[in-house]
Amino acid sequence: ETGVTQTPRHLVMGMTNKKSLKCEQHLGHNAMYWYKQSAKKPLELMFVYNFKEQTENNSVPSRFSPECPNSSHLFLHLHTLQPEDSALYLCASSQAGGRETQYFGPGTRLLVL
Amino acid sequence: GENVEQHPSTLSVQEGDSAVIKCTYSDSASNYFPWYKQELGKGPQLIIDIRSNVGEKKDQRIAVTLNKTAKHFSLHITETQPEDSAVYFCAASKKSNSGYALNFGKGTSLLVTP
């Protein structure tokens, strides 16, 4: 395992539900990322946090709301999603300040009905 | 922004043969090129990476080559084994205000048949 854990591993939700995805890293890193992985498309970067501060929002719809309470934890709050939001959501972490290697968690497989 | 093209999208080889996956990138400022392997039900795992000041890097059966002039880089797997079967992603990145943003290719599904 890479030292990055994600829960839940699978999630089914209706379009009116509110749910949260959780990511935790045990690597002492200071940067954390959310990616979306859809079939037949490249991994899409959603959000970047450096030292708990959001440094990048890649034009993500407001129905996705990230939260980073500390350098080890990252959440993605989901609200009124659409069926096209069904995908694998991956969390990654890396050292901040120039260390590029990103380590990924196993992902949360999300299905929006 | 950066555009990373990856070919082929699927690749089938017999056990023991070599496999080559190629990627091109558009931004000449990109200077870091990792390769990830993703097995079913798992997240991508880094297998090898190369920086722009190096032309080739090897790690046992895996090697990566980089041609900065042509803006392309390749993954070479020799003596393939069934456990090499997975989806492989290339990526290119450069330093930005938010750190190093990885731009991924669409992936290559490699199947190694016994």
Quick one: if you stick a label point 7 Å off each Cα along the C-beta vector at residue B:62 and residue B:78, how many nm between them?
1.6
Might you report the magnitude of the Cβ-based charge dipole of the stretch B:1-62 about its Cα centre, with Lys and Arg at +1 and Asp and Glu at -1, to the nearest 20 debye?
160
So in the protein assembly as shown, what percent of DSSP beta bridges are antiparallel if you round to the nearest 5?
90
Can you tell me the dipole magnitude for the stretch A:30-113 around its Cα centre, using point charges on the Cβ only (Lys, Arg +1; Asp, Glu -1), in Debye to the nearest 20?
180
Considering the stretch B:56-96, what Rg and Dmax in Å follow from its alpha-carbon atoms?
12.4, 38
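What are the trypsin sites (Lys or Arg not before Pro) within the stretch A:26-113 that DSSP puts in a loop, where the Cβ has at most 11 other Cβ atoms within 10 Å? Don't skip to the end; give the middle numbers.
On the way: sites: A:36, A:40, A:52, A:63, A:99, A:109; in loops: A:40, A:52, A:63, A:99.
Passing sites in the stretch A:26-113 are A:40.
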Report, in debye and to the nearest 20, how large the dipole of the stretch B:8-114 comes out about its Cα centre when Lys and Arg carry +1 and Asp and Glu carry -1 on their Cβ.
560
Over what distance in Å are the Cα centres of the stretch B:1-38 and the stretch A:75-105 separated?
22
Which net charge results for the neighbourhood of residue B:63, defined as the other residues with beta-carbon distances under 11 angstrom from its beta-carbon, given Lys and Arg at +1 and Asp and Glu at -1?
+1
Hey, if you put +1 on the Cβ of every Lys and Arg and -1 on every Asp and Glu Cβ in the protein assembly as shown, which of B:75, B:29, B:52 ends up farthest toward the positive end of that dipole?
B:29
How much space per residue, in cubic angstrom, does the convex hull of the C-alpha atoms of chain A take up?
96
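Since every read-out is calculated from the coordinates, none of them should be taken as a lab result. None of the values given here were measured: they were computed from a predicted structure. All Cβ positions, glycine included, derive from the backbone under ideal geometry; neighbour counts span all protein chains shown.
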